[in-house]
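The values are calculated or read from the model by the stated rules, or taken from the named source; none is laboratory data. Since the model is a prediction, treat every value here as computed from it, not as a measurement. Glycine gets a Cβ as well: all are built from the backbone with ideal geometry, and neighbour counts include every protein chain shown.
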C-alpha cells in the first residue's frame, strides 16, 4: 500500500478536486484499491510494481490531463509511513495535542542545517525537527496564529505538504487494513 498526498488542493475554494475524481484518476493509472481520506488530497492505493518516486512522477505527469490540476504529489509506502510515525520526535505532543503537530512531507532530504536554519528563523514558540524527508512542526498556539508561513518553510527546507498528526495516523491505519 501507498499514500499520495497532494499539495495545496481544496483550500478556500481554490484548486478544487473531488475525491471521487481522485480515486477514479488512480484507477485509470492502473492502481488498485484507491481510497481517499478527508477532502484535502489524501489518497491510499495499492501499487506493487512502482517505487514512490516513480509514482510521484506518474501522478504529476498525468494529473493535468485527467484532473485539470498541476500540483506536487508526495508518495510514501505503508512501511515508510509506519517508520516515520515510530520515529516521531514529538511523542508527548502527538498524544496530548495531535491537531497541532504537523508532519511536512518533502521530496528530498534537506539536511540538518536546513532544519536548524528554519528553527532559527521562527519568531514564535513553534518547534521544528527534521528526519529525512519529513519535518515535524509543533505549533503550540495553533497554525492560524503562527508567523511560521509556508513560504518560510519552502524557502528553508524545500516545497512540501503538511498533514496534522490525526490525519497521518488515520492514513497509516488505512494502509494497514488493506
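How about the range 105-132: which of its residues are in contact (Cβ under 8 Å) with a residue 40 or more places away in the chain and either surrounded by 14 or more Cβ atoms within 10 Å (Cβ to Cβ) or assigned to a strand (DSSP E or B) (or both)?
105, 106, 107, 110, 114, 115, 129, 131
Quick one: would you say residue 122 is modelled with pLDDT of 95 or more and either assigned by TED's automatic domain parsing to the domain that holds residue 139 or in contact with a strand residue (DSSP E or B) (Cβ under 8 Å, 6 or more places away or on another chain) (or both)?
Numbers: modelled with pLDDT of 95 or more: no; either assigned by TED's automatic domain parsing to the domain that holds residue 139 or in contact with a strand residue (DSSP E or B) (Cβ under 8 Å, 6 or more places away or on another chain) (or both): yes.
No, not satisfied.
Of all residues in the range 158-175 being under 14 Å from the mean Cα position of the chain (by Cα) and in a helix (DSSP H, G or I), which is surrounded by the most Cβ atoms within 10 Å (Cβ to Cβ)? Explain how you work it out, then say what you get.
Restricting attention to the range 158-175, the residues satisfying the condition of being under 14 Å from the mean Cα position of the chain (by Cα) are 158-172.
Then keep just the ones that are in a helix (DSSP H, G or I); that gives 165-172.
Numbers: 165: 22, 166: 13, 167: 19, 168: 26, 169: 16, 170: 15, 171: 24, 172: 20.
Step by step, filter the range 158-175, then rank; the result is 168.
Could you check residue 73 against (1) assigned by TED's automatic domain parsing to the domain that holds residue 137; (2) buried (at least 19 other Cβ atoms within 10 Å of the Cβ) and say which number it fails?
Looking at each condition in turn, residue 73 falls short on (1).
Looking at the range 148-156, is at least one residue within 17 Å of residue 87 (Cα to Cα) and in contact with a strand residue (DSSP E or B) (Cβ under 8 Å, 6 or more places away or on another chain)? Please lay out each step first, then the result.
Kept after step one, since they are within 17 Å of residue 87 (Cα to Cα), are these residues of the range 148-156: none.
The answer is no; no qualifying residue exists.
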